[in-house]
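For reference, the structure is listed below as structure tokens.
The values are calculated or read from the model by the stated rules, or taken from the named source; none is laboratory data. Computed from a predicted model, the values in this text were never measured in an experiment. Don't worry about glycine lacking a Cβ; one is built from the backbone with ideal geometry, like all the others, and counts go over all protein chains shown. Just so you know, the surface numbers come from the protein's heavy atoms only, side chains and all, with ligands and any DNA or RNA stripped out. Shrake-Rupley method; radii C 1.70, N 1.55, O 1.52, S 1.80 Å.
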Amino acid sequence: WRLHSAPRQHAQRVRHIQEQVREWKKEGSKRYMCTGRPGWLTVSLRVGKYKKTHKNIMINLMDVLEVDSERQVVRVEPLVSMGQLTAHLNPMGWTIPVVPELDDLTVGGLIMGTGIESSSHIYGLFQHTCVAYELVLADGSLVRCSPTENSDLFYAVPWSCGTLGFLVAAEIKMIPAKKYVKIHYEPVRGLQKICEKFTEESKKKENSFVEGLLYSLDEAVIMTGVLTDEAEQSKINRIGNYYKPWFFKHVEKYLKADRTGVEYIPSRHYYHRHTRSIFWELQDIIPFGNNPVFRYLFGWMVPPKISLLKLTQGEAIRKLYEQHHVVQDMLVPMRSLEKSIQTFHVDLNVYPIWLCPFILPNNPGMVHPKGNETELYVDIGAYGEPKSKQFEARASMRQMEKFVRSVHGFQMLYADCYMTREEFWDMFDGSLYHKLREEMNCKDAFPEVYDKICKAARH
């Protein structure tokens, strides 16, 4: 990072990207373009084979460019990570409204893909906190888009996975940072009760954060948090310290003891609370990782970077993971929560399950509610080894995808996707996306988003 960091050279670096695109045109636009960032660096279990066949455009943009306290906006380059951004803004007294969990997630990935956090029931997905994007298009031109200028492009960029242009900068809203999150843990039993309680808390705007961890079909802990500068010293828990228990294990204690609890967690520790255990993925990689002896002696070494795991993973291990491991986030309307959890239980049977509510505004673009109203949705995250007897990766996931389409939900595109092209465009609204690809001559420059991410298109 130190080798490449150069905020003052932003304009020069953007010109270099434009030159590479013009060079590609001169060569006769023979093959698609993609970013030159190696596939193993992305925080997705998928290894994009297209990197080997497409023209790689080098984009070394990894700096926070300006913090505008007047407008309450921070302007950043696309490779700025969440860990880097919160470390930069917090000492200045600012943070961003939606800080997706893992430190290595980048702004570009969260805009071109998507991002969510337990504050999304107020602010929406990561894309909904962005106020402008700057892109280099297929003809080498640089454009800025916002809700008032080039608005079609502004709404089409999220979820497009880099198939409309290269993101070179983004402007994100900021909010004042507070020192602590006062978090309330409440164990709830019975699926219907869990869904009712979770829905009720998600509708309350006075909750800064809402999150649920489902430990079995009818046992969960629902957490609500409020930002605060004051804390009771005896109840401060610095969960981010390397020797502390993994967060999801810490939460489970409240369920086992069947008691509610209140704690004050330093804000930065809260924002990255699932980072050390990569949610609960690390228990499969290092089964003894939560042992107190291991934590105290070697806890500072974890988590291993997802990029390192991918870089050192052989083809056989990757295939094994694909068949016996699931990493999926499905976004479904809150009213379908109970039915969705039952479906996850039957098809996958993976626990814990992550529940994260978010508000989905009726903006144009690939993802919006079915009606004309803003609607409350929930992200159901399943990560781990399916215990369902009849689990078979392709068939089970196709069944899940079919269910999600039937309730007008969406699948996060970082995960393995088994849909056909027709099914994919049935799930997502492609009208604006296809119109812009036509208008901006993207068809020879970038693959369609389906071809870039879906398994059916790549085999």
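Before anything else, pin down the relative contact order of region 66-159: Cα pairs under 8 Å, at least 6 apart, normalised by residue count, whole percent.
With pairs under 8 Å counted, the relative contact order is 21 percent.
Please compute the contact order of the chain in relative form: average sequence separation of alpha-carbon pairs under 8 Å and at least six residues apart, divided by the residue count, as a percent.
Relative contact order comes out at 16 percent.
Just checking my list (1) 45; (2) 18; (3) 25 against percent of Cα pairs over 39 Å apart computed from this structure; which label fits?
Of the listed options (1) 45; (2) 18; (3) 25, (2) comes from this structure.
Please tell me the relative contact order of region 180-312 in percent, rounded to the nearest whole number, where contacts are Cα pairs under 8 Å and at least six residues apart.
28
Give the calculated FRET efficiency between D218 and S141 to the nearest 0.05, with a Förster radius of 56 Å applied to their Cβ-Cβ distance.
Efficiency for this residue pair is about 0.50.
As an exercise, identify the GluC sites (Glu not before Pro) in region 343-413 lying in DSSP coil whose Cβ has no more than 13 other Cβ atoms within 10 Å.
Qualifying residues, ordered by number: E373, E392.
Counting heavy atoms of the protein chains only and a 1.4 Å probe, report the per residue accessible area for the chain as a whole number of Å².
With all protein chains present, the chain gives 43 Å² per residue.
Tell me, what is the Rg over Rh of region 7-176, with Rh the Kirkwood radius over Cα pairs? Walk me through the numbers before you get to the answer.
Details: Rg = 15.8 Å, Rh = 16.5 Å.
Checking Rg against Rh, the ratio lands at 0.96.
Using only the alpha carbon atoms of region 180-312, find the Kirkwood hydrodynamic radius as the inverse mean reciprocal pair distance, in angstroms to one decimal.
After inverting the mean inverse Cα-Cα distance, the result is 15.8 Å.
Please give the FRET efficiency for E23 paired with H434, using the beta carbon to beta carbon distance and R0 = 25 Å, rounded to the nearest 0.05.
Rounded to the nearest 0.05, the efficiency is 0.35.
Go through region 129-192 and name the GluC sites (Glu not before Pro) that are in a DSSP coil and have 13 or fewer other Cβ atoms within 10 Å of their Cβ. Please list the in-between numbers first.
Details: sites: E134, E149, E171; in loops: E149.
Those satisfying the criteria are E149.
Which distance in nm do the two modelled labels at D426 and W300 give, with both placed 7 Å along the Cα-to-Cβ direction?
For the pair D426/W300, the computed spacing is 5.5 nm.
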